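Since the structure comes first, as C-alpha cells, the remarks are kept for the end.
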Amino acid sequence: MKSSISDGLINTYLFLRNPVLHSPLIPHCTGRCCAEQDAHDLIKLLGSSDRDFLIRNNGDQVKLDTLKEKNVGLYFSASWCGPCQRFTPNLVEAYNELLPKGDFEVVFLTADQDDESFNEYFSKMSWLAVPFSDSETRERLDELFDVKGIPHLVILDASGKVVTDSGVEIIVEHGVEGYPFTQEWLNQIKEQEETAKREQSLKSILESQSRNYVIAADGRKVPVAALEGKIVGLYFSVTSFEECGSFTPKLIEIYDKLKAQGENFEIVMIPLNNEDEDESFKKGFASMPWFSLPLKDKTCEKLVRYFELSTLPTLVIIGTDGKTLHSNVAEAIEEHGVLAYPFTPEKLAELEQIEKAKQEAQTLESILVTGDHDFVIGKNGEKILVSDLVGKNILLYFSAHWCPPCRAFTPKLKEAYETIKAKNGPLEVIFISSDQDQASFDGYFATMLWLALPFGDERKASLSRLFKVQGIPTLVAIGPSGKTVTTEARNLIMCHGAEAFPFTEERMKEIEAEMAKGWPEKLKHKLHEHELLLTKRLAYICDECNESGEVWSFYCEECDFDLDPKCALEEKKENNMNPQEDQKEQGKEDQKANEGWICDGEVCFKG
C-alpha cells in the first residue's frame, strides 16, 4: 500500500518523508553554508556590477536594498523539475500567509534553460527573482550554497546569516507555522506537538477554531462531541487513488458488520484529494456510510503531520479515551477483516501469533492448493500438479504485461532462470498475472519459460494478501520446505542475477563478503573530514555521485555521510594514476559535469 500519489501536499509530504529520495533534494549541511558562514550582504549576494535590483513576474524592478532587515528565502527551482512543480504551491501558500508580516521575502533562482520557460514558471510566483539573463549570479549562488538538487530553499535571517538550508522540508512539515524557520523555533514546535499528543483528545484532533463538527454524506453537521467515548477510525484517503479505491469497499463491509453488531465504532474520513478533485470527493463520499472532515479543511494537513503519515490508505484508531490505539490498522483489516476489532494491541498481538503459527506450518500445498485448484499450467496449457513441485525452490512472479517495470524485469529473470536451470538448480517460477484480459495474459506468458496460475485464478487474491504484494513486479522465493525465504527476490536478481540462488540469508552473506573482499575497513576521502568506515547499509544515496546504493557504504555515522565503494575506491585508484591516465579521467569528469541536470524518478539533480 505504499503510495505514489500524483500531486498535491500529500504527495510532496510523503516524498520528503522518504529518506532515500530526500537526500539528493536537501543535501546534508556541510557546515560551509550554515555554521561556518559569516553574515551575507544581500545587495552584494544577489546583485552584480551592473544590476542593483530584482524583478517581479510583471517585469517591475525592485531595488535590492528593500530586502534590508528582512528574512529571505533563496528558492532554487526549475519548471522542468517535477518535485519543484509539486513543492512550489506549498511555498506560494506559506508566502502569501506571511506577506502581511512584511518581514519575509523569497527570491527565485532558476535552473531553467530558456527565458520562455523561466517566465511561464515565474508567473505562478508572487515573489522576486534574479533575472534569467544573469546566469553568472545564479551559478555563483549555486556554488556558494552547494546546491546539489532541487527544489532547494535556503533561509537567511535579517542579518544575512543562513538559518537553514532545509527550507523545503520545513515548509512541507510545518507550513507557515515553521516561520521564522530557526532551529530554536522548530524545537519549540516539536515540544508543543509532544505536549499535544500527551494531552490528546478526540476534540483536539478533529476540531479547529472555526469548526466543531464533522460532516455526513447527506450534508449533516455532526458535533465531534457526539463521537466521544467511541472507538474512532481516522481514514486517510484519496478517493481517486487506486489503492484507496480497492480498500474502501472492504472497510465499508467491516464497518457495516460492526454497526450491525451494535459495536461502539465510528469512522471519520480525512480527505487528501487535490483542490480540483471536488467532484471526485463528492462522488466517492456519497457511497460511504461514515463521516468526514470537509474537503480542503486545514485540519487534514495538520493530521498528516501529526500522525506522520507515510502510506495510503491509512486507518488510525483512536480509543474511547481519545488516545491513539494504533497508527494504521489497514493491513490488519486486509488480512483479518472484522476479527481485528477492537484493534487493541492485545487483539493485534493475538492475531500476529495466529499468523506466525500459520507461517511456521506453511507448505507449498497450503499456499497453492485451494479446493480443486491443485495445479498450475505449463506453456501448452497442460496441468502440473502442485504436489509435483514440492521439494523445489519456487519463485512466485507477480507481474503484468501492461506494467513497464515488469516488462523490463522479465528478461533479467529469464536470464537468471536459464543460468540456474543450466546448473541443474531445483528451481521453478510461477507467473501470477495482473493482466486485464486473457489475450494479454496469453501474449505475455508466451514470452516466459516457466509455469503460471491460470488467468483469473482465485488464488491470486489470497497469495497477494499472504505476501502483502503492494506493487508489481514482485518476486517471492519459497524454499524446498515450502516456507517463505524472501519477498524481495526481485531486488536480489537485479543486484546479483543467478548468483543470488537460492536467495537465502546465508547466500546473501556469502555474496556480501565476496563483494567486500580486498576493500579497506576504513579510509579517508577528500569530500569528508572524518574517517569513513565500511558499513552495511540497506539503501542510501551516495554523497559524491548522487546515485542510489545498497549493501555496502563507506559511512560516517556522525554526519550521515555515505560514499559508494566505487566512488570511494576510485579516488584511491586516481591517486595511483600516471599523468596521462589522470588527464583522460579528468576529461571524462569534465564531460560528465557539462551534461546538466538529470531527473531520476522523484529526484532532480545535477549530472
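The values are calculated or read from the model by the stated rules, or taken from the named source; none is laboratory data. Note that the structure is a prediction, hence the values are computed from the model and not measured. Heads up, the Cβs are rebuilt from the backbone with ideal geometry, glycines too, and the neighbour counts pull from every protein chain shown. Just the protein is used for accessible areas: all its heavy atoms, side chains included, with ligands, DNA and RNA removed. Shrake-Rupley method; radii C 1.70, N 1.55, O 1.52, S 1.80 Å.
Per-residue answers, yes or no, for (1) surrounded by fewer than 16 Cβ atoms within 10 Å (Cβ to Cβ); (2) more than 23 Å from residue 550 (Cβ to Cβ); (3) basic (Lys, Arg); (4) touching a His at 6+ places or on another chain (Cβ under 9 Å):
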position	(1), (2), (3), (4)
408	yes, no, no, no
418	yes, yes, no, no
458	yes, yes, no, yes
499	yes, no, no, no
Restricting region 175-219 to residues that are among the charged types (D, E, K, R) and in a loop (DSSP other than H, G, I, E, B), the residue that is nearest to residue 254 (Cα to Cα): 218
Scope region 418-440; condition within 19 Å of residue 379 (Cα to Cα), in contact (Cβ under 8 Å) with a residue 40 or more places away in the chain and in contact with a Gly (Cβ under 9 Å, 6 or more places away or on another chain); matching residues: 426
Within region 124-172, considering residues that are among the small types (Gly, Ala, Ser) and without any contact (Cβ under 8 Å) to a residue 24 or more places away in the chain, the one nearest to residue 310 (Cα to Cα): 135
Any hit, region 77-98, residues being basic (Lys, Arg) and under 21 Å from residue 166 (Cβ atoms): yes
First in region 186-215 and under 24 Å from residue 171 (Cβ atoms), second anywhere and open to solvent by less than 80 Å² (accessible area, probe 1.4 Å) and of a type in the set (Val, Ile, Thr), Cβ under 8 Å, 6 or more apart: 186/170; 197/324; 205/318; 208/299
Checklist (1) without any contact (Cβ under 8 Å) to a residue 60 or more places away in the chain; (2) in a helix (DSSP H, G or I); (3) buried (at least 20 other Cβ atoms within 10 Å of the Cβ) applied to residue 270, failing item: (2)
Boolean, residue 245 is of a type in the set (Gly, Ala, Ser), surrounded by 13 or more Cβ atoms within 10 Å (Cβ to Cβ) and not in a helix (DSSP H, G or I): no
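Counting only residues that are out of contact with any Pro (no Cβ under 9 Å at 6 or more places or on another chain) and modelled with pLDDT under 95, which one in region 225-242 is least open to solvent (accessible area, probe 1.4 Å)?
So the first thing to find is which residues in region 225-242 are out of contact with any Pro (no Cβ under 9 Å at 6 or more places or on another chain), and the list is 225-230, 232-234, 240, 242.
Now restrict to residues that are modelled with pLDDT under 95: 240, 242.
On the way: 240: 66, 242: 148 Å².
Among those that are out of contact with any Pro (no Cβ under 9 Å at 6 or more places or on another chain) and modelled with pLDDT under 95, it is 240.
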Condition check for residue 477: hydrophobic (A, V, I, L, M, F, W, C) and out of contact with any helix residue (DSSP H, G or I) (no Cβ under 9 Å at 6 or more places or on another chain): no
Filter pass, residue 222 being surrounded by fewer than 16 Cβ atoms within 10 Å (Cβ to Cβ), over 27 Å from the mean Cα position of the chain (by Cα), in contact (Cβ under 8 Å) with a residue 24 or more places away in the chain and not in a helix (DSSP H, G or I): yes
Among the candidates 526, 536, 517, residue that is under 30 Å from residue 471 (Cβ atoms) and at pLDDT below 90: 536
Sole residue being in contact with a Lys or Arg (Cβ under 9 Å, 6 or more places away or on another chain), hydrophobic (A, V, I, L, M, F, W, C) and open to solvent by less than 10 Å² (accessible area, probe 1.4 Å), chosen from 413, 451: 413
Subset of region 508-528 (residues that are more than 13 Å from residue 563 (Cα to Cα) and in contact with a Cys (Cβ under 9 Å, 6 or more places away or on another chain)): 511
Pairs where the first residue, in region 535-560, is closer than 20 Å to residue 505 by Cβ and the second is open to solvent by 60 Å² or more (accessible area, probe 1.4 Å) and in a strand (DSSP E or B), C-beta under 6 Å, 6+ apart: 539/550
Residue 162 vs. criteria closer than 30 Å to residue 546 by Cα, surrounded by 13 or more Cβ atoms within 10 Å (Cβ to Cβ), out of contact with any Asp or Glu (no Cβ under 9 Å at 6 or more places or on another chain) and not polar (S, T, N, Q): yes
Entirely in region 52-142, the strands (runs of 3 or more DSSP E) that have 1 or more residues that are under 32 Å from the mean Cα position of the chain (by Cα): 71-77, 104-110
Every residue from region 70-88 that is open to solvent by 10 Å² or more (accessible area, probe 1.4 Å), touching a residue at least 60 places away in the same chain (Cβ under 8 Å) and over 15 Å from residue 107 (Cα atoms): 80, 82, 86
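Pick from 493, 511: which is surrounded by fewer than 17 Cβ atoms within 10 Å (Cβ to Cβ) and β-branched (Val, Ile, Thr)?
Checking each option against the conditions leaves just 511.
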Top-ranked residue of region 106-151 - restricted to ones that are in contact with a Cys (Cβ under 9 Å, 6 or more places away or on another chain) and closer than 23 Å to residue 39 by Cβ, ranked as least open to solvent (accessible area, probe 1.4 Å): 145
Verdict on residue 468 being of a type in the set (Lys, Arg) and within 27 Å of residue 356 (Cα to Cα): yes
Boolean, residue 167 is open to solvent by less than 10 Å² (accessible area, probe 1.4 Å) and on the phi < 0 side of the Ramachandran plot: yes
Identity of the residue in region 537-548, of a type outside the set (Val, Ile, Thr) and closer than 17 Å to residue 148 by Cα, that ends up surrounded by the most Cβ atoms within 10 Å (Cβ to Cβ): 543
Flag if residue 401 is open to solvent by 40 Å² or more (accessible area, probe 1.4 Å), over 18 Å from residue 452 (Cα atoms) and either modelled with pLDDT of 95 or more or touching a Phe, Trp or Tyr at 6+ places or on another chain (Cβ under 6 Å) (or both): no
Residue check, residue 250 out of contact with any Leu (no Cβ under 9 Å at 6 or more places or on another chain), at pLDDT below 95, within 30 Å of residue 155 (Cβ to Cβ) and open to solvent by 10 Å² or more (accessible area, probe 1.4 Å): no
Residue satisfying all of: in region 39-69; among the polar types (S, T, N, Q) and open to solvent by 50 Å² or more (accessible area, probe 1.4 Å); nearest to residue 156 (Cα to Cα) among these: 66
